[in-house]
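Please treat every number below as a calculation from the coordinates, not as lab data. None of these values were measured; they are calculated from a predicted model. Cβ placement follows ideal geometry from the backbone for every residue including glycine, while neighbour counts extend to all protein chains displayed.
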Amino acid sequence: MLYLLDANVLIRAHEDYYPIDRVPPFWDWLIVQGRDGRIKMPFEIHDEIAVANGPLKDWIVDRDVKEALLLDEEVDQEVFNRVLDEGYGQNLTDAELEEIGRDPFLTAYCVGQERTVVTKEVPRPGKRRARRKVPDVCSQFAVPWMNDFALYRVLDFRVR
């Protein structure tokens, strides 16, 4: 199983639970998981962090980290368009597309694959169009999803 990380997983990990300068084993573990092909990030999601400032940005743009974590493929444009149209809505406005951001890429990279999306978002089935949440769109397309703590249990993260 390949797990694709949402940007919010790394952002919240650094800011709330495992700061890069305080819990380096967590960040080393992510690199190992990436090298072993268990965790990846689509370029579009990676880029959300790479344009920021601070320690997380410095870590994510490091050549070894990028090599370990980046998913080495391009999105299937037909699948992406389907996720956007059916998952969020047809004829989305520019403002809606901006609000959605890069979220549709996560689902699109997983449709029809043995992959799971890992996100901090929680389902909100009543939300429509640009306000839809990643878990709801994933469920609509039969894409498995989980939160970050479930991933850490599945892949047995522990500080030794």
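Residues in the stretch 97-103 carry Karplus couplings, in order, of 4, 5, 5, 5, x, 9, 3 Hz; the curve used is 6.51 cos²θ - 1.76 cosθ + 1.60 with θ = phi - 60°, and Gly or Pro positions show x. The helix-based estimate of mean residue ellipticity at 222 nm for the chain, built from -39,500 (n - 2.57) per DSSP H run of four or more residues and divided by its residue count, is -12000 deg cm²/dmol to the nearest 500. Once backbone amide H atoms are built at 1.01 Å from N, ILE39 has TYR3, GLY34 as its partners under 5 Å, excluding neighbours fewer than 5 places away on the same chain.
For the chain, the number of Lys pairs separated by eight or more positions or lying on different chains, with C-alpha atoms closer than 22 Å, is 8. Close amide H partners of VAL117, meaning residues 5 or more places away or on another chain with modelled amide H under 5 Å apart, are LEU4, TRP145, MET146.
Only counting other Cβ atoms within 10 Å, I'd like PHE105, PHE26 sorted with the fewest neighbours first. Could the numbers behind the result be given before it?
Working: PHE105 23, PHE26 18.
Result, fewest neighbours first: PHE26, PHE105.
In this structure, ARG38 and LEU92 have a Cβ-Cβ separation that, at R0 = 30 Å, corresponds to a calculated FRET efficiency of about 0.35. Summary: within the chain, the longest segment free of GluC sites (Glu not before Pro) located in DSSP loops with at most 14 other C-beta atoms within 10 Å is 1-72. When the chain is treated as a Gaussian network with alpha carbon springs shorter than 10 Å, the biggest mean-square fluctuation among ARG38, ARG22, ARG102 belongs to ARG22.
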